[in-house]
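Encoded as structure tokens, the structure appears first; notes follow it.
The values are calculated or read from the model by the stated rules, or taken from the named source; none is laboratory data. None of the values given here were measured: they were computed from a predicted structure. Don't worry about glycine lacking a Cβ; one is built from the backbone with ideal geometry, like all the others, and counts go over all protein chains shown. What goes into the accessible areas is simple: the full protein's heavy atoms, side chains included, and nothing from ligands, DNA or RNA. Shrake-Rupley method; radii C 1.70, N 1.55, O 1.52, S 1.80 Å.
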Amino acid sequence: MKVNGRKLIMIGLVLIGIAVIGNLVMYAIGVSPFNGVKINEERSVSAEGVSRIDVFSNAGDVRVVSGGDEITVKMTGRTERMHKGEYHLSVSEQGGRVVIEASRDLKRKLISIYPDDYDLLVEIPDRLYEQLGISTEIANISAERVRAQHISMQAVHGDIKTAGLAGRIGARTDTGDIRLGVQAITDDIQAESLLGDIKLVTEEKPEKLALEMKTLIGERKVELPGTAIVESDPGVPTVQLSAEAGDIAVSAGR
Amino acid sequence: MTKAEYLAELEKRLGDLSAEERAELLADYEAHFEHGRASGRSDEEIAERLGPPQLVAREIQYQLSVDEARANPTVRRIARAVFAGVGLGLMNVLMLLIPFAIGMLLLAGLFVLAAYLTVSPVLMLVQDGWSVEFLLKLPLAAGLLGLGLIFWVAAVKGITLFVKWMLAILQSNVEKVKEKLK
């Protein structure tokens with residue numbers, strides 16, 4: 001049977017017409033799939049006595065900033081009504097450790113109107129913590145002006161971007177770029193990306209630095225005029241940057 | 001290279017052709033030699049003017065594949081002609097293979113998109129199951145199906161346009177090859 005192209009186009013146009021009218025009517029009465037619902041979850045917990053904060057997010061970008069008097073967590077996004085129950089946020093505190101977990105059920109979506117991601121904003125009071133850990137699976141990490149003796153960031157697939165950090169820093173991603181902005185290099189810094197560029201930018205230039213830069217496919221660039229690059233020494237901070245396939249750079253600035 | 005050697009090599013290279021076509025072509029080239037000899041040229045000179053038998057055989061096969069594609073145009077025959085032409089040099093890679101590859105990729109993309117949109121109502125059912133949410137998505141499903149049908153018609157029409165476009169390119173290219181052979 002030969003299919004008539006004109007007939008198919010007519011049928012297609014009629015179906016599109018039905019879709020437009022149907023969705024407009026349903027949107028007006030608030031039951032269309034396009035009437036998305038907001039994800040707007042917020043939790044807070046006292047920062048008193050907290051020395052360690054761990055943040056986990058599987059599919060939403062995480063941003064950690066300093067500010068406020070308590071630890072506040074906001075999860076925002078937009079999704080279809082039937083998928084709202086697939087987003088979870090929990091904040092718990094025990095023995096000076098705050099654990100923040102945000103997640104979306106990773107079901108396979110064959111047809112989706114919304115991007116099905118979310119953003120997680122974590123605000124922590126400005127003081128020196130013992131440890132801050134941030135990890136994601138398929139999402140980016142950013143951290144601004146937070147201080148901890150040890151800051152650890154890990155994304156399986158996602159970029160890591162920081163500004164004005166202070167402390168011993170570790171950053172790792174399998175696929176993604178790492179841009180580490182630090183106030184000063186006073187402690188050891190480690191950054192590793194399998195597929196992605198790494199850039200370390202320090203606001204204050206160190207006098208001495210033990211620097212190891214490894215890349216299989218990529219360029220290495222150091223722009224620290226006046227800084228003595230020395231061999232590993234107990235009194236000198238060590239910076240280890242490693243990318244399998246990606247450029248590596250260290251510079252001073254903001 | 002003597003006339004006998006040249007014709008033997010050419011015959012070997014034209015092994016894919018029918019016996020009738022091969023005999024006709026060899027007769028043409030034999031006539032070239034006879035004509036050259038009558039003008040006082042040596043077999044070596046004639047062979048040099050005609051070009052290496054391997055290249056001549058490839059050019060002949062290219063012309064024949066283009067003729068076949070023109071007589072009965074299908075994507076497969078166009079592909080055969082394109083690849084026969086590509087064997088003639090780098091310029092033909094640029095002139096034939098690149099437009100062919102771009103056209104095929106665009107068509108493949110259009111068909112994949114059309115297929116995805118056409119089966120989208122089924123995908124929605126698999127994803128949401130028989131639920132109120134699925135029923136509420138039915139108008140959307142109808143729209144996607146409609147778009148899929150239109151894209152499908154566009155993709156089928158695209159094949160016709162692509163074949164015409166490639167035939168024009170092949171024809172223009174084969175004219176250049178013929179000029180070279182004269």
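Charges only on Cβ, +1 for Lys and Arg, -1 for Asp and Glu: so what's the dipole of the stretch B:94-181 about the Cα centre, in debye to the nearest 20?
Around 420 debye, computed over the stretch B:94-181.
Can you give me the Kirkwood hydrodynamic radius for the stretch B:3-88, using every pair of distinct Cα atoms, in Å to one decimal?
One over the average 1/r among Cα pairs gives 13.8 Å for the stretch B:3-88.
Find the eigenvalues of the gyration tensor of the Cα atoms of the protein assembly as shown, then list the square roots of 5 times those eigenvalues as equivalent ellipsoid semi-axes, largest first, in whole angstrom.
65, 39, 13
If I stretch the segment between B:LEU135 and B:ARG76 completely, what's the gain in nm (0.36 nm per residue apart, minus their alpha carbon distance), one decimal?
Using 0.36 nm per residue and subtracting the Cα-Cα distance, I get 16.9 nm.
Tell me the label-point distance for the pair B:LEU94, A:GLU204, using the 7 Å Cα-to-Cβ offset, in nm and rounded to one decimal.
Placing both labels 7 Å along Cα→Cβ, they lie 5.9 nm apart.
I need the phi-derived Karplus couplings for the stretch A:74-84: 6.51 cos²θ - 1.76 cosθ + 1.60, θ = phi - 60°, integer Hz, Gly and Pro marked x.
Coupling constants for the stretch A:74-84: 10, 10, 10, x, 8, 8, 6, 4, 5, 9, 4 Hz.
Once neighbouring chains are kept in place and the probe is 1.4 Å, which whole percent of the accessible area of the stretch B:3-88 is contributed by carbon and sulfur?
With neighbouring chains kept in place, the figure for the stretch B:3-88 is 46 percent.
Could you give me the ³J(HN,Hα) list for the stretch A:53-60, computed from phi with Karplus coefficients 6.51, -1.76, 1.60 and θ = phi - 60°, whole Hz, x at Gly and Pro?
The phi angles translate into 10, 10, 10, 10, 8, 8, 10, x Hz.
Just the accessible area per residue of chain A, please: how many Å² with a 1.4 Å probe?
52 Å²
Per residue of A:104-111, how many C-beta atoms from partner chains lie within 10 Å of its own C-beta, taken as a mean?
Mean partner-chain Cβ count within 10 Å for A:104-111: 4.
Any idea of the accessible area per residue across the stretch B:3-88, 1.4 Å probe, to the nearest Å²?
57 Å²
Quick one: buried accessible area between A and B, total over both chains, 1.4 angstrom probe, nearest 100 Å²?
1900 Å²
Apply 1/(1 + (r/R0)^6) to the Cβ-Cβ distance of A:LEU13 and A:GLU144, taking R0 = 30 Å, and write down the FRET efficiency to the nearest 0.05.
E(calc), rounded to 0.05, equals 0.05.
In degrees, nearest 10, range 0 to 90: what is the angle between the Cα axis of helix A:5-28 and the longest Cα principal axis of chain A?
Long axis of A:5-28 versus the principal axis of chain A: about 70 degrees.
Explain nothing, just the number: dipole magnitude of the protein assembly as shown about its Cα centre with +1 on each Lys and Arg Cβ and -1 on each Asp and Glu Cβ, in debye rounded to the nearest 20.
Dipole size: approximately 1780 debye.
Which parts of the stretch B:145-177, residue by residue, lose 20 Å² or more of accessible area when the rest of the protein chains are there, as against the chain isolated (1.4 Å probe)?
B:GLY146, B:LEU149, B:ILE150, B:VAL153
Within a 10 angstrom radius of each residue's Cβ in A:30-39, how many Cβ atoms of other chains show up on average? Whole number is fine.
Per-residue shielding by partner chains comes out at 2.
Report the Stokes-Einstein translational diffusion coefficient (µm² s⁻¹, integer) for the stretch B:54-182, Rh taken as the Kirkwood radius over Cα pairs, at 37 °C with viscosity 0.692 mPa s.
The estimated diffusion coefficient comes to 194 µm²/s.
Within a 10 angstrom radius of each residue's Cβ in B:131-144, how many Cβ atoms of other chains show up on average? Whole number is fine.
Mean number of neighbouring Cβ atoms from other chains: 6.
Tell me, rounded to the nearest percent, the portion of alpha carbon pairs in chain A spaced more than 34 Å apart.
34 percent
Build a GNM of chain A with springs between Cα atoms under 10 Å: which of A:ALA228, A:ALA139, A:ALA47 gets the top mean-square fluctuation?
A:ALA228
The stretch B:89-148 to the stretch A:142-156: how many Å between their Cα centroids?
If you average the Cα positions of each part, the centres end up 42 Å apart.
At a Cα cut-off below 18 Å, give the lysines reachable from A:LYS84, other chains included and same-chain residues fewer than 8 away excluded.
A:LYS38, A:LYS74, A:LYS107, A:LYS109, B:LYS137
Which residues' amide hydrogens lie under 5 Å from the amide hydrogen of A:LYS208, considering only partners 5 or more residues apart or on another chain, with H built in the peptide plane?
Sorted by chain and number, the residues that satisfy this are A:ALA228.
Under the definition of Cα pairs under 8 Å and six or more residues apart, what whole-number percent is the relative contact order of the stretch B:94-181?
41 percent
Pull up all non-local amide H partners of A:ALA143: gap of 5 or more, or a different chain, and H-to-H distance under 5 Å with H placed in the peptide plane.
Residues meeting the amide H criterion: A:VAL64, A:LYS161, A:THR162, A:ALA163.
Please report the carbon-and-sulfur percent of the accessible area for chain A; probe 1.4 Å, protein heavy atoms only, DNA, RNA and ligands left out.
Carbon-and-sulfur percentage of accessible area, whole number: 50.
Can you give the angle from 0 to 90° between the axis of helix B:98-118 and the longest principal axis of chain B, with both taken from C-alpha atoms, to the nearest 10?
Its long axis makes an angle of about 20 degrees.
Find the centroid of the Cα atoms in the stretch A:167-186 and in the stretch A:188-254, then give the distance between the two in whole Å.
10 Å
Springs between alpha-carbon atoms under 10 Å, Gaussian network over chain A: tell me which of A:THR227, A:THR162, A:THR79 tops the mean-square fluctuations.
A:THR227
I'd like to know which of A:ILE113, A:ILE178, A:VAL98 lies farthest towards the positive end of the charge dipole of chain A, counting +1 on Cβ of Lys and Arg and -1 on Cβ of Asp and Glu.
Farthest towards the positive end: A:ILE113.
How far is it, in nm, from the label point at B:ALA4 to the one at B:ALA115 when both lie 7 Å from their Cα along the line to the Cβ?
In this crude label model, B:ALA4 to B:ALA115 measures out at 5.8 nm.
Quick one: which residues, 5 or more positions from A:GLN154 or on another chain, have an amide H under 5 Å from its amide H? H modelled 1.01 Å from N in the peptide plane, none for Pro or chain starts.
Amide H to amide H, under 5 Å and 5 or more residues apart or across chains, A:GLN154 pairs with A:ILE134, A:SER135, A:THR136, A:ARG172.
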